[in-house]
Amino acid sequence: MAAAAGLYPLWSNWNWHAPEQGAAGPDVGAMVAKLEKRLRDEPNDIAGWLMLGRSYLTLNRLDDAIVAYDHARRLDGKSAEAALGLGEAMSLRAGGEITQPAAQLFEEALVYAPANPQALLYGGFAAATRGDRALARTRWQALKSMGPPPQIAQLLDERIAELGPPGAEAAPAGTSASPAGTSASQGGLSAADVTVNIRIAPALKSRLVSEAPLFVFAREPGGQGPPLAAKRLTSSAIGTQVHLSQADSMLPGRTLASGQRVSITARVSFSGRPAPAAGDLYGELTYDVGRDGARDLVIDRVAE
């Protein structure tokens, strides 16, 4: 369950940042530059810093978002939005994992805004990550009672189902929860893991003018619908080794299994969304789970 937090960026489309999400058009750079200039003149404008943080998140400028939200939090130490934004940016910067500092920020946000839907969602992931499934269930059920959009309700149903029946929250004998900020595969790879070394063809390197989301996922060859496993990283992960495991599954009952042949895709998404779009950079390979070791996955194609 520790790696389940990494699925959040793939599924969360709830309209928490409505004004900025719609701003990701050709004028967004000018809008952000104007806001940056205003904040240089008015550095104590907390609303401006929060807006700048949201804008940076929309642009996937995660380091800048961390700076903006941290500034807002220093201006108002009890701002739930600042704590949430900072925790969100830190988690995305860590490749979708909820690290211990981010988990503490989500807990802090829940103190200041216990009914905040985003805080309940992230707080549930944080609780599940540290093995507190009872608290995760309580938070996600509270969020579901708020009538979220269908895709969020589906996510909650799936995550609640993974917690097991009520009253069965204790970890099975002989196991322990992975510490916050780690994935289940980091403690030792199982036979149902996929390991790929992400590379990019030299001819495409010049297209990476800035950091962009990188999705790595496994599907049944020719399969449709949600992948068997997925991670959301950033293009800074190119040149590193990535593991996919059962902990990265998208749906209950559909996981990687030893002996299975899967298609592995690495896609740089300039739109920031997992769905393919023209101009994306990607690479694919076929992988035999349980037989193949680390394989080189080269991003060498441009989507049309």
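Observations, loosely collected:
- When the stretch 64-123 is filtered for residues that are closer than 25 Å to residue 44 by Cα, assigned to a loop (DSSP other than H, G, I, E, B) and touching a Ser or Thr at 6+ places or on another chain (Cβ under 8 Å), nothing remains.
- Within the stretch 118-152, restricting attention to residues that are within 18 Å of the chain's Cα centre (by Cα) and open to solvent by 20 Å² or more (accessible area, probe 1.4 Å), the residue that is farthest from residue 226 (Cα to Cα) is 130.
- When the test is whether a residue is assigned to a helix (DSSP H, G or I), more than 15 Å from the chain's Cα centre (by Cα), at pLDDT 85 or above and farther than 29 Å from residue 100 by Cβ, residue 203 passes it.
- Residue 282 vs. criteria at pLDDT 90 or above, more than 22 Å from the chain's Cα centre (by Cα) and open to solvent by less than 60 Å² (accessible area, probe 1.4 Å): no
- Residue match in the stretch 57-70 (condition: open to solvent by 40 Å² or more (accessible area, probe 1.4 Å) and within 18 Å of residue 112 (Cβ to Cβ)): yes
- Residue in the stretch 76-88 that is open to solvent by less than 10 Å² (accessible area, probe 1.4 Å), closer than 22 Å to residue 152 by Cα and not hydrophobic (A, V, I, L, M, F, W, C) present: yes
- Any pair with Cβ under 8 angstrom, 6 or more apart, that starts in the stretch 111-135 at a residue that is touching a residue at least 12 places away in the same chain (Cβ under 8 Å) and ends at one that is among the β-branched types (Val, Ile, Thr) and in a loop (DSSP other than H, G, I, E, B): 122/98; 125/98; 126/98; 129/98
The values are calculated or read from the model by the stated rules, or taken from the named source; none is laboratory data. Owing to the predicted nature of the structure, the values given are computational and were not obtained by experimental measurement. As a convention, Cβ positions derive from the backbone with ideal geometry for all residues, glycine included, and neighbour counts pool all protein chains shown. With ligands, DNA and RNA removed, areas are computed over all heavy atoms of the protein, side chains included. Shrake-Rupley method; radii C 1.70, N 1.55, O 1.52, S 1.80 Å.
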